[in-house]
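Visitor: Submitted below is the structure of interest, expressed as structure tokens.
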Amino acid sequence: MFRRVNMFVLLLVMTMAATAQAKMKALIIEGQNNHGVWPKTTQMMKGYLEETGLFSVDVVTTLKSGTDPDFGPTFSDYDVVVSNYNGSPWPEGTKNAFIDYIKGGGGFVLVHAANNAFGNWKEYNEAIGLGGWGGRNEKSGPYVYLNSEGKLIRDATPGRGGNHGSQHPFVVTIRDNKHPVTKGMPGQWLHEKDELYDLLRGPAENMTVLATAYGSKEFGGTGRHEPMIFTVDYGKGRVFHTPMGHGIYSQECVGFITTLQRGTEWAARGRVTQKLPGDFPTADKISKRPSGN
Ligand code: ZN
């Protein structure tokens, strides 16, 4: 009996150890952002990733302004890096290490204003596909959107990159329902109030648009179908990009939460094991999980 109990305990411990080991390691970068809610949104995103049971999450915080000379995480310790950062340039060595990490097969996820960062950093812009503000213009690459026939347009018209109209809830339209991130999502779902980024531009190479949102002119949009969920293959790495996530309310949307959770798993592993939650939004019904913020 004693021996059997011992064996049971041993097996239990081994199983727990294996489960712990199997967790993917994620690193969230924060510290500077023109969105003052960044300390809260970082904690929300950390919680969303942890609640899947798939990730252990570290957070690294830079100095509040200027280039942080000590910012230099060991990216290769992580399966995926998530950026909630929009601020001063990183030290050169850190920039190089970050690009090497993605090119070598690392995962990268960027949310909302993270695509405003580093307008002049060539490799970062190649990795993220599209960005806005930060001095971006026609030299950054084309505007990219879908036309009314659903065709991807690369528009080299001169002009600034990055714009949004007034915040409002908007419909997200799935354009690729076979991709692991969007598989099973309703063809259209209503996203909680957010900034609908438009006029993003960049190299947009090796980019796959999984979902768009229509920038209605009623709210100051472009009248185009703007990329809202997309991926970039960069070297051996996978980049997952959503311009959604402006406010706490935007990030309480179950559509945003699911997109982040699945997108981060995909960036880390190239597959998604998470089922669509039962409270996912529909075409005409917003679904939120109050964060208490
Ligand atoms: Zn914003």
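The values are calculated or read from the model by the stated rules, or taken from the named source; none is laboratory data. Just so we're clear, the structure is a prediction, and the values are computed from it rather than from any experiment. Cβ: placed from backbone, ideal geometry, glycine included. Neighbour counts: every protein chain shown. Side chains are part of the model used for accessible areas, which takes the heavy atoms of the whole protein and leaves out ligands, DNA and RNA. Shrake-Rupley method; radii C 1.70, N 1.55, O 1.52, S 1.80 Å.
Visitor: Are any residues in the stretch 62-83 touching a strand residue (DSSP E or B) at 6+ places or on another chain (Cβ under 7 Å) and open to solvent by less than 10 Å² (accessible area, probe 1.4 Å), and if so, which ones?
Guide: Across the stretch 62-83, the qualifying residues are Phe75, Val80, Val81, Val82, Ser83.
Visitor: Taking Lys217 and the conditions (1) open to solvent by 50 Å² or more (accessible area, probe 1.4 Å); (2) modelled with pLDDT under 95, which numbered condition does it fall short on, given that it satisfies the others?
Guide: (2)
Visitor: Considering only residues that are more than 16 Å from the ligand (Cβ to nearest atom), open to solvent by less than 50 Å² (accessible area, probe 1.4 Å), among the polar types (S, T, N, Q) and assigned to a helix (DSSP H, G or I), which ones fall in the stretch 94-148?
Guide: Within the stretch 94-148, Thr94, Asn125, Ser140 qualify.
Visitor: While we're here: With the checklist (1) open to solvent by 10 Å² or more (accessible area, probe 1.4 Å); (2) under 23 Å from Leu276 (Cβ atoms); (3) within 16 Å of the ligand (Cβ to nearest atom) in hand, flag the one item Gly187 doesn't pass.
Guide: Gly187 satisfies every listed condition except (3).
Visitor: Restricting to the stretch 25-57, count the residues that are away from the ligand (no atom under 16 Å from the Cβ) and open to solvent by 10 Å² or more (accessible area, probe 1.4 Å).
Guide: Residues meeting the conditions: 12.
Visitor: When you scan the stretch 211-233, do you find a residue that is within 16 Å of the ligand (Cβ to nearest atom), among the charged types (D, E, K, R) and in contact (Cβ under 8 Å) with a residue 12 or more places away in the chain, even just one?
Guide: yes
Visitor: For the stretch 267-293, which positions are open to solvent by less than 20 Å² (accessible area, probe 1.4 Å) and farther than 10 Å from Trp189 by Cβ?
Guide: Listed by number, the residues that qualify are Ala267, Ala268.
Visitor: Then there's this: Are any residues in the stretch 251-288 under 15 Å from the mean Cα position of the chain (by Cα), closer than 23 Å to Gly165 by Cβ and away from the ligand (no atom under 16 Å from the Cβ), and if so, which ones?
Guide: Once the filter is applied, which keeps residues that are under 15 Å from the mean Cα position of the chain (by Cα), closer than 23 Å to Gly165 by Cβ and away from the ligand (no atom under 16 Å from the Cβ), the stretch 251-288 yields Gly255, Thr259.
Visitor: On to the next question. Among the residues of the stretch 190-209, how many are within 16 Å of the ligand (Cβ to nearest atom) and either open to solvent by 30 Å² or more (accessible area, probe 1.4 Å) or among the aromatic types (Phe, Trp, Tyr) (or both)?
Guide: Of the residues in the stretch 190-209, 3 are within 16 Å of the ligand (Cβ to nearest atom) and either open to solvent by 30 Å² or more (accessible area, probe 1.4 Å) or among the aromatic types (Phe, Trp, Tyr) (or both).
Visitor: Condition first: in contact with a Phe, Trp or Tyr (Cβ under 9 Å, 6 or more places away or on another chain) and within 25 Å of Lys25 (Cβ to Cβ). Now tell me which residues in the stretch 268-288 satisfy that.
Guide: Ala268, Val272
Visitor: Across the stretch 238-250, which residue is nearest to the ligand (Cβ to nearest atom) among those that are touching a residue at least 60 places away in the same chain (Cβ under 8 Å) and out of contact with any His (no Cβ under 9 Å at 6 or more places or on another chain)?
Guide: Taking the candidates together, the pick is Ile248.
Visitor: Limited to the stretch 150-172, what total is found for residues that are open to solvent by 30 Å² or more (accessible area, probe 1.4 Å) and not charged (D, E, K, R)?
Guide: Number of matching residues: 12.
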